[in-house]
1. Of the residues in region B:37-50, how many are without any contact (Cβ under 8 Å) to a residue 24 or more places away in the chain and not charged (D, E, K, R)?
2. Are any of the residues in region A:14-34 at the interface with chain B (Cβ under 7 Å from one of its Cβ atoms), touching a strand residue (DSSP E or B) at 6+ places or on another chain (Cβ under 8 Å) and surrounded by fewer than 18 Cβ atoms within 10 Å (Cβ to Cβ)?
3. Please enumerate the residues belonging to region A:33-73 that are touching a Cys at 6+ places or on another chain (Cβ under 9 Å) and more than 30 Å from residue B:134 (Cα to Cα).
4. Which helices (runs of 4 or more DSSP H) sit wholly inside region A:79-149 and have at least 2 residues that are more than 20 Å from the chain's Cα centre (by Cα)?
5. Kindly indicate which of B:34, B:3, B:63 is touching a residue at least 60 places away in the same chain (Cβ under 8 Å) and either surrounded by 19 or more Cβ atoms within 10 Å (Cβ to Cβ) or of a type outside the set (Gly, Ala, Ser) (or both).
6. Please state which one of B:131, B:95 is within 16 Å of residue A:130 (Cβ to Cβ), modelled with pLDDT of 95 or more, under 16 Å from the mean Cα position of the chain (by Cα) and of a type outside the set (A, V, I, L, M, F, W, C).
7. Cβ-Cβ distance below 8 Å, separation of 6 or more or different chains: which pairs start in region A:64-83 with a residue that is charged (D, E, K, R) and end on one that is assigned to a loop (DSSP other than H, G, I, E, B) and exposed (fewer than 13 other Cβ atoms within 10 Å of the Cβ)?
8. Could you tell me how many of the residues in region A:1-59 are closer than 23 Å to residue B:86 by Cα, in a helix (DSSP H, G or I) and aromatic (Phe, Trp, Tyr)?
Amino acid sequence: MTIFASWVAGVIFGLGLIVSGMADPAKVLGFLDLAGAWDPSLAFVMAGAISVAAVAFAVARKRTVSFLGAAMNLPKTRRIDRRLVAGSLMFGIGWGVAGFCPGPGLVALGMGEIKALVFVVAMLAGMELYVVLERRKQRQAGAFGLRAG
Amino acid sequence: MLIDWNAFTPWHALVGGALVGTAAALFVLLNGRIAGISGVLGGLLRPVKGDVAWRAAFVIGLIVAPLIYLLFGSPPKPRIDADFGALVLAGLLVGVGTRYGAGCTSGHGVCGLSRLSPRSLVATVAFMAAGFVTVFAIRHLLN
């Protein structure tokens with residue numbers, strides 16, 4: 001049941017990206033281009049999304065299990081560190097280069113766009129690179145008798 | 001600041017945004033999880049038993065969304081101006097960056113801000129600022 005719910009959420013998420021224009025990199029870049037002819041639409045996408053989701057998270061934070069009985073798995077990390085900031089900056093640069101973030105990349109892939117396929121494959125390669133680098137770091141920390149946090 | 005009124009689509013943006021918010025709401029209320037696309041996708045690279053199906057179902061849902069959209073009409077074609085080299089660079093940066101930063105526009109931007117998470121606010125400010133600066137550099141300094 002939770003698997004079907006995940007699929008439905010994915011579909012609705014994707015439909016929202018299409019309807020809102022987020023799945024169109026040219027529109028995203030029009031929002032990021034403050035110095036050009038600015039298209040403020042994406043600020044409205046965020047406002048629309050947050051106004052609905054905020055209600056759900058307010059309900060969720062008071063519960064220990066979901067309405068389907070799954071454990072509540074909300075992030076517990078509160079640390080604001082260099083990883084968070086440097087990673088987000090790197091992501092933002094990539095977002096600005098092509099106008100794609102992960103969700104719209106997958107949706108455009110579903111539209112059969114070859115360029116979206118190139119983006120998604122490179123993104124998966126980047127995620128894989130992260131795993132490899134993290135594992136190496138943990139091994140090195142282990143070799144020095146440290147525990148990787 | 002010059003607003004491009006012809007490109008500005010506030011109603012579509014709000015309705016589409018509400019759909020995105022609804023998806024995130026369903027995800028947390030039914031599955032107890034954050035609908036963060038980079039995290040859901042990244043977790044599939046080193047599959048852990050019992051932790052694969054819901055991730056794959058969500059990602060497949062995103063990919064087939066354009067097909068479902070066909071029930072209502074034909075989806076607008078994405079305008080992708082970046083060339084292949086730029087797409088590879090962008091993909092690598094987005095892949096590495098979202099994993100180090102533990103989230104993207106959906107996880108930090110939509111879900112994190114909805115939860116009033118200070119950590120997500122910092123991440124969102126960082127990637128938005130980087131996006132603004134990058135587009136400024138590419139469009140107004142390099143060209």
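The values are calculated or read from the model by the stated rules, or taken from the named source; none is laboratory data. Keep in mind that what you see is a predicted model, and the values were worked out from it rather than measured. Note: ideal-geometry Cβ built from the backbone for every residue, glycine included; neighbour counts use all protein chains shown.
1. Let us first name the residues in region B:37-50 that are without any contact (Cβ under 8 Å) to a residue 24 or more places away in the chain, namely B:40-41, B:43-50.
Narrowing the set further to residues that are not charged (D, E, K, R) leaves B:40-41, B:43-45, B:47-48, B:50.
Matching residues across region B:37-50 total 8.
2. There is no residue in region A:14-34 that is at the interface with chain B (Cβ under 7 Å from one of its Cβ atoms), touching a strand residue (DSSP E or B) at 6+ places or on another chain (Cβ under 8 Å) and surrounded by fewer than 18 Cβ atoms within 10 Å (Cβ to Cβ).
3. Across region A:33-73, the qualifying residue is only A:57.
4. Working: elements: A:82-98, A:102-110, A:114-143.
The helices (runs of 4 or more DSSP H) meeting that bar are A:114-143.
5. On the way: B:3 fails: touching a residue at least 60 places away in the same chain (Cβ under 8 Å); B:63 fails: touching a residue at least 60 places away in the same chain (Cβ under 8 Å).
Matching residue, one of B:34, B:3, B:63: B:34.
6. Details: B:131 fails: within 16 Å of residue A:130 (Cβ to Cβ).
Matching residue, one of B:131, B:95: B:95.
7. Pairs that qualify, where the first residue is charged (D, E, K, R) and the partner is assigned to a loop (DSSP other than H, G, I, E, B) and exposed (fewer than 13 other Cβ atoms within 10 Å of the Cβ): there are none.
8. Summing the residues that are closer than 23 Å to residue B:86 by Cα, in a helix (DSSP H, G or I) and aromatic (Phe, Trp, Tyr) in region A:1-59 gives 1.
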